[in-house]
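Please treat every number below as a calculation from the coordinates, not as lab data. Note that the structure is predicted; figures quoted are calculated from it, not measured. Every residue, glycine as well, gets a Cβ built from its backbone with ideal geometry; the counts of neighbours run over all protein chains shown.
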Amino acid sequence: MRTIFLTAFLLALSNIFMTVAWYGHLKNLSSKPWIVAALISWGIALCEYLIQVPANRIGYKVMNLGQLKILQEVITLLIFVPFSIFFMREQIRLDYLWAGLCILGALFFIFRQRMFGA
């Protein structure tokens, strides 16, 4: 279980970098040429990969690929939603809640055997 938590922590950290790399330029670099935004984003994404690759290697020792991917998607939403609300000033919509519940359902089903031995 400790390995899963370490994996989740590292994936969350890498996701912060990923979210900033993918979407931060929309707010901070919108007046710059796209190539400038792309190069800066690429540099930020390098930090993401330096954390994400070890996280996936650690996690793959105790989880299968599907579990690792669904965990990543849940973490992505947990990072992206506050980023979009607080940093990008986007309005949250009820559809995001429903989409989040679907992802939580996927998390349940992919880890069901581990949790309940089903």
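A few points about this structure:
- Nearby aspartates and glutamates by direct alpha-carbon distance to LYS27 (threshold 12 angstrom, same-chain neighbours under 8 apart not counted): GLU90
- Panel order for THR76, THR3, THR19, by other beta carbons found within 10 Å of each beta carbon, from fewest to most: THR3, THR76, THR19.
- Hull-based mean projected area of the range 2-116, where the convex hull spans the alpha carbons, in square nanometres: 7.9
- The chain, relative contact order in percent, only Cα pairs under 8 angstrom and at least six apart counted: 33
- For the range 31-116, GluC sites (Glu not before Pro) are listed when DSSP marks them as loop and at most 15 other Cβ atoms sit within 10 Å of their Cβ; the list is GLU90.
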